[in-house]
Amino acid sequence: MKQIEKRIIEYMLTEQSADCLLPSELKVKILSEAGQIWIQPQGFGKKCVSDDEGFPVGIEIWQGKLRLIVFDDINEEDPKIIVLENAKETARLNNESKTAKPNAEHPVRKCTILLEACKHILDCLDVGGEQSRQFADEITYLKNALRKVNHSK
């Protein structure tokens with residue numbers, strides 16, 4: 001049985017705003033346990049946990065996706081979940097063309113791959129003769145769909 005390592009590190013956060021007249025600091029504990037990271041600023045917690053015990057901010061991988069777990073209201077039991085898929089570097093849009101970088105997992109790239117497959121199928125079906133007559137409805141459907149995609153760009 002693999003032993004789960006538990007590690008707590010303490011840091012001091014300091015005020016970052018130049019407009020704040022009073023300097024302020026806040027002690028923060030960071031807990032690393034069971035493949036998750038939890039953050040507990042001093043004096044902050046969660047609804048169903050005793051004072052000084054709750055860690056209201058967490059980060060984990062859930063179903064293959066990186067996400068933040070934020071208990072932003074001590075009177076609410078349910079956290080806010082922020083999935084960070086759109087923050088991946090591979091999801092960055094190219095500033096010049098506003099299109100996504102090529103990545104097979106990115107939705108835009110998946111649509112491009114599907115569009116290319118439809119064009120290939122159309123080219124294979126629309127060769128004339130008897131084969132084209134047999135698939136006339138499918139050829140028309142594909143042509144109309146591709147025309148709509150080209151007009152929406």
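General observations
- Total residues in segment 121-134, condition surrounded by 11 or more Cβ atoms within 10 Å (Cβ to Cβ), out of contact with any Phe, Trp or Tyr (no Cβ under 7 Å at 6 or more places or on another chain) and under 24 Å from C111 (Cα atoms): 3
- Of the residues making up segment 39-53, those that are closer than 19 Å to E25 by Cα and more than 26 Å from the chain's Cα centre (by Cα) are Q42, G43, F44, D52.
- Which listed residue, of K119, K110, is assigned to a helix (DSSP H, G or I) and at pLDDT 75 or above: K119
- Being in contact with a strand residue (DSSP E or B) (Cβ under 8 Å, 6 or more places away or on another chain), farther than 15 Å from V70 by Cα and in contact (Cβ under 8 Å) with a residue 12 or more places away in the chain is a property that does not hold for Q36.
The values are calculated or read from the model by the stated rules, or taken from the named source; none is laboratory data. Because the structure is a prediction, the values reported are computed rather than measured. So basically every Cβ, Gly included, is an ideal-geometry build from the backbone, and we count neighbours across all protein chains shown.
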